[in-house]
């Protein structure tokens with residue numbers, strides 16, 4: 001089904017510390033990831049000139065994803081609730097119930113709803129949007145949205161397995177993604193103006209693929225700049241280049 005794995009690369013003094021840092025950032029348990037040791041590091045002679053360890057954590061794409069331990073994502077409180085619209089079809093129902101059950105395993109109290117969103121580009125399928133609302137749910141977002149992306153990835157695996165086809169599922173928490181989208185669009189326009197005014201390239205901070213796409217889309221109709229992605233994950237960046 002062409003599913004993309006959630007990955008995170010970490011650099012630390014030792015392999016064990018790198019793994020611990022990565023697990024803490026993703027908010028998952030150790031058995032929910034596979035670990036690739038990219039560089040075991042070295043201490044160097046007399047402690048000088050050493051090299052830090054580098055590891056890649058890969059979220060397991062298990063067929064039994066529904067049985068991911070409750071500790072795989074950090075819990076908050078109580079259990080989730082949902083709303084069932086009269087016109088909800090099977091895809092929306094399965095998506096909503098899947099996310100609700102995941103939150104229940106995590107002991108998260110939240111309201112879960114699902115609806116369709118128009119595709120971002122012509123010819124694409126409609127996206128299934130699952131909204132989670134409640135009190136103090138910031139823990140579900142995580143640093144640079146790693147926890148939210150992991151939650152979305154696991155839910156997508158489960159829903160797609162149940163419906164036997166790929167479902168473009170997007171999870172939003174208390175409108176975070178829509179606020180982030182607006183902020184990125186404003187950033188794109190501001191940095192494009194700066195690139196045009198100075199005649200110099202403007203390189204943005206590292207962003208995940210979905211956020212880089214927002215920048216590219218926002219400036220796609222701007223005839224005075226072009227955008228390009230450079231670098232390697234997870235530090236890939238968008239550069240805005242003025243057209244001379």
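Using only alpha carbon positions, build the gyration tensor of region 178-242, then give the equivalent ellipsoid semi-axes as the square roots of 5 times its eigenvalues, largest first, whole angstrom. Don't skip to the end; give the middle numbers.
Working: eigenvalues 61, 40, 18 Å².
Semi-axis lengths for region 178-242 are 18, 14, 9 Å.
How far, in nm, would the chain grow between residue 220 and residue 200 when pulled straight, counting 0.36 nm per residue and subtracting the alpha carbon separation? Kindly include the intermediate steps, with their values, before the conclusion.
On the way: separation 20, 0.36 × 20 = 7.20 nm, distance 1.83 nm.
Contour length minus Cα-Cα distance gives 5.4 nm.
Per 0.36 nm of contour for each residue apart, how much would the distance between residue 185 and residue 135 grow if the chain were fully extended, relative to their Cα-Cα spacing?
On the way: separation 50, 0.36 × 50 = 18.00 nm, distance 2.71 nm.
Working it through step by step, the gained length comes to 15.3 nm.
Please compute the alpha carbon radius of gyration of region 141-193, then divide it by the globular-protein estimate 2.2 N^0.38 Å. Two decimals is fine.
Values: Rg = 14.4 Å, N = 53, 2.2 N^0.38 = 9.9 Å.
Scaled against compact globular proteins, the figure is 1.45.
Which value in nm describes the separation of the simple spin-label points at residue 21 and residue 35, placed 7 Å from the Cα toward the beta carbon?
1.4
Cut-off is 10 Å between beta-carbons; in what order do 103, 59, 204 appear when sorted fewest neighbours first?
Numbers: 103 26, 59 23, 204 18.
Going from sparsest to densest Cβ surroundings: 204, 59, 103.
Bear in mind these aren't lab numbers, they're just calculated from the coordinates by the rules spelled out. If you're wondering where the values come from, they're calculated on a predicted model, not measured in any experiment. Neighbour counts run over all protein chains shown; Cβ positions are idealised from the backbone, glycine included.
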